[in-house]
Amino acid sequence: MKFGIFYEHQLPRPWEPGAELRLFQHALDQVELADRLGIDYAWEVEHHFLEEYSHSSAPEVFLAAASQRSRRIRLGHGIVLMPPGYNPPARVAERVATLDLVSGGRVDWGTGESASRAELEGFGVNPAERRAMWRETVEQVANMMVMDPYPGFAGKYFAMPARNVLPKPVQKPHPPIWVACSNRETIHLAAQLGIGALTFAFIDPAEARHWVAEYYETFRRECVPIGHAVNPNIAMVTGFSCHADAEEARRRGTDGFRFFQFALAHHYVFGKHTPGRTNIWNRYLAVRDQLGTEVLGGGTGCIGTPAELRESLRTFQDAGVDQTIFIQQGGKNRHEHICEALELFAAEVMPEFRENEAEREARKLAELGPAIEAAFARKRAMPSPPDGEIPTYQAYGTTIALTEADIAKLPEANRRRVLTFRRIAEIAERA
């Protein structure tokens with residue numbers, strides 16, 4: 001099994017001067033530590049306007065900084081919001097490929113459609129069409145990262161002419177694709193499209209077994225890859241705190257995870273929010289004592305002692321989960337406690353789950369080999385245009401269109417520049 005850490009960049013009120021600066025710098029310190037400890041992934045969300053719950057609106061910037069503070073840990077977009085109102089598809093392809101280059105080929109491309117009213121209405125995205133937008137754009141962004149040139153597209157939600165989208169990623173054909181899953185319907189969709197399932201449902205291990213079985217049954221039977229490679233993997237997100245004393249582990253970890261769940265529900269389910277004024281932390285404090293761990297579902301199994309974490313993780317491993325992702329930064333969890341927990345986990349829990357991981361992966365891929373071959377046999381890829389059919393476009397050429405009288409009126413520096421371009425154009429035309 002692999003392990004990851006997960007960032008929303010939560011910042012409960014009150015917001016003291018310098019709080020966001022400390023939050024981001026501590027997170028970068030934690031990624032550097034996780035890399036040194038041998039943890040496999042650092043995942044970073046994309047959210048907008050979700051005060052206190054997530055101050056992570058530019059994950060590509062954070063992950064780029066993390067890439068320069070680390071050497072081997074994989075950097076996961078968990079996730080990129082794919083409706084074009086958030087991110088034009090070509091810009092997603094460019095940013096993911098650039099991050100892959102600056103990190104030396106360590107990017108995983110998680111995708112999602114968004115669900116909060118604050119974000120959807122803030123960017124003018126129609127909630128009823130967000131799934132269709134996601135599907136259209138994921139397929140085309142994958143094409144953009146692979147095809148030379150991208151032949152252009154005219155879809156329902158975006159259109160662009162033929163262009164060579166640059167740069168291209170290090171990983172070929174493109175970084176592994178994932179999708180955020182909060183229910184079994186999306187697990188089914190992920191398997192149908194041959195992409196990894198980033199599961200945020202906080203389910204217990206018994207239910208995880210059903211989700212995993214359904215994913216691989218669907219993958220074998222129905223998969224038609226949306227990208228140019230498949231990524232048959234399942235990751236489960238859970239709360240995290242590790243300490244030699246069980247009560248201290250729960251004291252350090254449970255409150256942050258409870259706030260994580262409460263703030264999530266505030267923005268997505270029940271909250272009435274006044275931008276810049278609503279204090280979610282105070283609302284949480286008013287009901288905190290009524291929120292027992294049973295209210296949190298299956299997300300507390302990795303809050304405890306090393307022995308308790310081993311027991312919980314074995315059940316996930318036995319269920320076939322490929323990666324467990326820890327929410328270690330939630331609520332007002334302290335930076336030093338997060339670092340201590342990661343160090344203890346890496347020393348006393350992680351080694352037995354990392355043993356024989358390469359062999360497990362190789363065996364799994366060999367077993368899925370026939371299903372992967374069948375999946376690509378079903379795929380109808382976008383054709384590359386013949387050279388003679390790639391459209392040519394003419395530069396606007398505003399400097400060439402100027403008359404001699406226009407040029408004479410220009411300032412000296414501009415006049416020299418226009419004349420230089422004119423001479424270059426004349427030479428190019430004769431060539």
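The numbers here are math on the coordinates, done by the rules we state, and not lab data. For clarity, every value in this text was computed on a predicted model and none was experimentally measured. All Cβ positions, even for glycine, are placed from backbone atoms using ideal geometry, and neighbour counts span all protein chains on display.
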With Cα springs under 10 Å, the Gaussian network model of the chain assigns the largest mean-square fluctuation among Ala265, Ala197, Ala358 to Ala358
Cα gyration tensor of segment 341-431 diagonalised, 5x eigenvalues square-rooted, in angstrom largest first, produces semi-axes 63, 28, 10
Toy charge model, Lys and Arg Cβ at +1, Asp and Glu Cβ at -1: the chain dipole around Cα centroid in debye, rounded to 20, equals 1180 debye
Distance in nm between Glu348 and Glu248 label points, each 7 Å along Cα→Cβ, equals 1.0 nm
Note: probe point = Cα of Arg163 + 7 Å toward Cβ; backbone nitrogen < 18 Å; residues of segment 371-399 passing the test are 385, 390-397
Sequence order, segment 82-96: Karplus ³J(HN,Hα) from phi using 6.51 cos²θ - 1.76 cosθ + 1.60, θ = phi - 60°, Hz rounded, Gly and Pro as x, gives 8, x, x, x, 7, 9, x, x, 4, 5, 4, 4, 5, 5, 4
Taking a crude spin-label model, label points 7 Å out from Cα along the C-beta direction, the Ala381 to Asp148 distance in nm is 1.4 nm
Each label sits 7 Å from Cα toward the beta-carbon; between Arg71 and Arg360 the label points are separated, in nm, by 2.5 nm
Using alpha-carbon coordinates alone, the radius of gyration and Dmax of the chain in Å work out to 24.6, 84
Asserting the computed 222 nm helical MRE of the chain (DSSP H runs at least 4 long, -39500 (n - 2.57) per run, divided by residue count, to nearest 500) equals -15000 deg cm²/dmol
If one builds a Gaussian network model of the chain from Cα atoms under 10 Å apart, the most fluctuating residue listed among Arg71, Arg416, Arg220 is Arg416
Expected max-MSF residue from Arg380, Arg130, Arg415 in the GNM of the chain (alpha carbon, under 10 Å) is Arg415
Proxy exposure order for Trp109, Trp15, Trp281 (fewest C-beta within 10 Å first) is Trp15, Trp281, Trp109
Taking the chain, the lysine pairs whose C-alpha atoms sit under 26 Å apart (8 or more places apart or on different chains) add up to 9
Counting only DSSP beta bridges with both partners in the chain, the antiparallel fraction in percent, to the nearest 5, comes to 10 percent
Taking max minus min of the Cα coordinates of segment 23-179 on each principal axis, largest first, gives extents in Å of 46, 38, 19
Ranking Ala346, Ala375, Gly253 by how far each Cα lies towards the positive end of the charge dipole of the chain (+1 on Lys and Arg Cβ, -1 on Asp and Glu Cβ), the top one is Ala375
Karplus-derived 3J(HN,Hα) from phi for segment 387-393 (6.51 cos²θ - 1.76 cosθ + 1.60, θ = phi - 60°), whole Hz, x at Gly and Pro, runs 3, x, 9, 6, x, 9, 10
At R0 = 41 Å the Cβ-Cβ FRET efficiency linking Leu37 and Glu389, nearest 0.05, sits at 0.20
Note on segment 112-160: C-alpha Rg/Rh, Kirkwood Rh, two decimals, gives 1.05
At q = 0.16, 0.22, 0.23 1/Å the base-10 log of I(q)/I(0) from the Debye formula over the alpha-carbon atoms of segment 233-358 is -0.81, -1.28, -1.36
Taking 244-254, 186-196 and ranking on average Cβ neighbours within 10 Å, highest first, one gets 186-196, 244-254
Segment 25-86 and segment 287-348 have their Cα centres apart by a whole-number Å value of 19 Å
Phi angles of segment 210-220, converted by Karplus (6.51 cos²θ - 1.76 cosθ + 1.60, θ = phi - 60°) into ³J(HN,Hα) in whole Hz with x for Gly and Pro, give 5, 4, 5, 4, 5, 4, 6, 4, 5, 4, 5
Length-normalised contact order of segment 2-378, Cα under 8 Å, at least 6 apart, in percent, tallies to 19 percent
